[in-house]
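Written out below as structure tokens is the structure these notes cover.
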Amino acid sequence: MSESNILDRLSVLDTNTVSDALDFLKIKGATYGLRPLWNCPKIVGRASTIKVAPKGDTAPTTHLISPVIDEVTSDDRILVISGGTDGVSCWGDILANAAKVKHIRGTIIDGMSRDIDGSRDIGFPVFGHGVTMISARNRLVQIESGTPIQIQGTIVHQDDYVIADNCGTVFVPADRIEEVVEMGERIDLRQTRMLSDVRAGESVARVMHDTQFNAIQKIIPPSATAAPSAEGNSKKISAEDQELVALLADIDTAAVSDALDTLGIPVQAFDIIPLANYEKVTVGPAFTVRYVPAANPPGSVGDFIDDVAEGDIVVIDNGGRTDCTVWGDIMTQYAGLRGIAGTVIDGVCRDVNRAINDDYPLFTAGRWMRTGKDRVQVGGVNEPISVGKVRVSPRDIVVADANGVVIIPRDRVREVAGLARNIESTEASIRNMIVAGATIGMAREQLGYHTLQRKK
């Protein structure tokens, strides 16, 4: 897996989730006490290690850390500095400006910084133990770089992965990063569902029981935390489906749409809108259904639903017809009982109160009351169809929320998810810069906002 893809995936997580992943995998890497020294954004990157120590003589030396900054040639670097001394600075605004010019992502100091306002003013993230006014000049010297160092009891190697946010700093060994990120994604998905259960009124004692956390180590189906139903559903999505769905969990359609634009994949479903202003993102594999005008005698209108797996999204092509419906309250109730994730219709639905009250995700071209019985019938299932002027193949991944619906070709999901995460991360950084006092024009220009969705 490419480094950029790993960094994109890691950027979606936070230090709490990565720390939990390290705990599950019995890897040391979470540290205590290395906090943001101003209200800086989360940083994710690769470690460039530096070790400093008290100066032993009075001979002039090159200022510590500056040679490492000069040698940086990539844009994924985070400077990680060990050996700091209480009350003495390892960092200042001149170093921050030099690092900014070299596109260094931030600095982690097992020590202290001064001139912190200067780092804040240029939007350069600094994490450490605290701030001081005392200079390192003639007090500290750089003794090593690019070698293993110890940070708060954790050994950090050159090129290890770093994530730091408001909760602190975590280091991940480079040779374990893929399994840590995968475990982190599982934890994030599970905890999102646990939070949803609590907000829905579930007992917090049940939701937060140890068995719920232990289940994170297993493959997580999309409806793993849903209450069991009387009907049940023996059909489950595959492990690969689960993996692809997890990659897109909680990435909204706006970020996915921008990623699709970047890749030149025009699969935003036109004129398909949410039935309600859903707060959550619905993600799942497409179970495709094609309707045709009714024969004489008419055929089936909805028996296909018995073949839909738990976690699937039903995607219906009714040719954009608005003169008869293909989905109503019986289908909504049955789909909910079977753990189906949602429904997308190039056409209209009826009995909308049921779907709204049940919070069943439904995305259509509109709503009307006239039945489709004796007017349309199922012409085919699990074949390529068209919805909102977009081609949908069986098992493509659907992402739908209050903004609308996008369909991601199955073989492009990993690529799209990585780009979408990067876009969300960039936009979050812009928001943080604005909160910190930057103008929107400055923040957008600095972080390349206007080119986020530009084709590559």
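How many residues are touching a Pro at 6+ places or on another chain (Cβ under 6 Å) and either modelled with pLDDT under 95 or farther than 22 Å from GLY366 by Cα (or both) if we restrict to the stretch 285-311?
1
Quick grid of which residues meet (1) charged (D, E, K, R); (2) within 20 Å of ASP411 (Cα to Cα):
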| residue | (1), (2) |
| --- | --- |
| GLN242 | no, yes |
| VAL245 | no, yes |
| ALA259 | no, yes |
| GLY264 | no, yes |
| PHE270 | no, no |
| LEU275 | no, no |
| LYS280 | yes, no |
| PRO285 | no, yes |
| TYR291 | no, no |
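Being farther than 30 Å from VAL413 by Cβ and either outside the structural domain of LEU247 (by the TED database) or buried (at least 22 other Cβ atoms within 10 Å of the Cβ) (or both): is that true of PRO36 here? I'd like the intermediate steps shown before the answer.
Values: farther than 30 Å from VAL413 by Cβ: yes; either outside the structural domain of LEU247 (by the TED database) or buried (at least 22 other Cβ atoms within 10 Å of the Cβ) (or both): yes.
Taking the combined requirement at face value, the residue satisfies it.
Might you check whether a residue that is open to solvent by less than 10 Å² (accessible area, probe 1.4 Å), in the same structural domain as PRO36 (by the TED database), over 30 Å from the mean Cα position of the chain (by Cα) and of a type outside the set (Val, Ile, Thr) occurs anywhere in the stretch 106-126?
Looking through the stretch 106-126, at least one residue is open to solvent by less than 10 Å² (accessible area, probe 1.4 Å), in the same structural domain as PRO36 (by the TED database), over 30 Å from the mean Cα position of the chain (by Cα) and of a type outside the set (Val, Ile, Thr).
Which residues, counting only those in the stretch 330-385, are in contact with a Gly (Cβ under 6 Å, 6 or more places away or on another chain), within 18 Å of ASN277 (Cα to Cα) and open to solvent by less than 30 Å² (accessible area, probe 1.4 Å)?
If the condition is that a residue be in contact with a Gly (Cβ under 6 Å, 6 or more places away or on another chain), within 18 Å of ASN277 (Cα to Cα) and open to solvent by less than 30 Å² (accessible area, probe 1.4 Å), then ALA341, VAL348, TYR360, PRO361 are the ones that fit.
Picking from GLY299, GLY339, GLY319, which residue would you name as being assigned to a loop (DSSP other than H, G, I, E, B), at positive phi and in the same structural domain as ALA400 (by the TED database)?
Details: GLY299 fails: at positive phi; GLY319 fails: assigned to a loop (DSSP other than H, G, I, E, B).
The match here is GLY339.
How many residues does the stretch 277-295 hold that are hydrophobic (A, V, I, L, M, F, W, C), open to solvent by less than 30 Å² (accessible area, probe 1.4 Å) and out of contact with any Leu (no Cβ under 8 Å at 6 or more places or on another chain)?
Filtering the stretch 277-295 down to residues hydrophobic (A, V, I, L, M, F, W, C) leaves 281, 283, 286-287, 289, 292, 294-295.
Within this subset, residues satisfying the condition of being open to solvent by less than 30 Å² (accessible area, probe 1.4 Å) are 283, 286-287, 289.
Applying the additional criterion that residues be out of contact with any Leu (no Cβ under 8 Å at 6 or more places or on another chain) yields 286-287, 289.
Residues flagged as hydrophobic (A, V, I, L, M, F, W, C), open to solvent by less than 30 Å² (accessible area, probe 1.4 Å) and out of contact with any Leu (no Cβ under 8 Å at 6 or more places or on another chain) within the stretch 277-295 amount to 3.
Among the strands (runs of 3 or more DSSP E) lying completely within the stretch 128-194, list those that include at least 1 residues that are surrounded by fewer than 22 Cβ atoms within 10 Å (Cβ to Cβ) and not charged (D, E, K, R). Please lay out each step first, then the result.
On the way: elements: 140-145, 149-151, 154-156, 161-165, 168-172.
Filter on the stretch 128-194 gives 140-145, 149-151, 154-156, 168-172.
From the residues in the stretch 220-272 that are of a type in the set (S, T, N, Q) and open to solvent by less than 30 Å² (accessible area, probe 1.4 Å), which one is modelled with the lowest pLDDT? Step through it out loud before you land on a result.
We begin by selecting, within the stretch 220-272, every residue of a type in the set (S, T, N, Q); these are 223, 225, 229, 233-234, 238, 242, 253, 257, 262, 268.
Next cut, open to solvent by less than 30 Å² (accessible area, probe 1.4 Å) only: 223, 225, 233, 242, 253, 257, 262.
On the way: SER223: 38, THR225: 35, ASN233: 73, GLN242: 90, THR253: 94, SER257: 93, THR262: 90.
The residue in question is THR225.
Go through the stretch 69-86 and give me each residue that's within 20 Å of ARG35 (Cα to Cα) and open to solvent by 20 Å² or more (accessible area, probe 1.4 Å).
Listed by number, the residues that qualify are ARG77, GLY83, GLY84, THR85, ASP86.
Is there any pair linking a residue in the stretch 383-400 that is among the acidic types (Asp, Glu) to one that is open to solvent by less than 10 Å² (accessible area, probe 1.4 Å), with Cβ under 7 Å and at least six apart or on different chains, and which?
Cβ pairs passing all conditions: GLU383/THR288; ASP396/ALA286; ASP396/ILE407; ASP396/ILE408.
The values are calculated or read from the model by the stated rules, or taken from the named source; none is laboratory data. Values in this document were obtained by computation on a predicted structure and should not be read as measured data. So basically every Cβ, Gly included, is an ideal-geometry build from the backbone, and we count neighbours across all protein chains shown. For accessibility, only protein heavy atoms count, side chains too; no ligands or nucleic acids. Shrake-Rupley method; radii C 1.70, N 1.55, O 1.52, S 1.80 Å.
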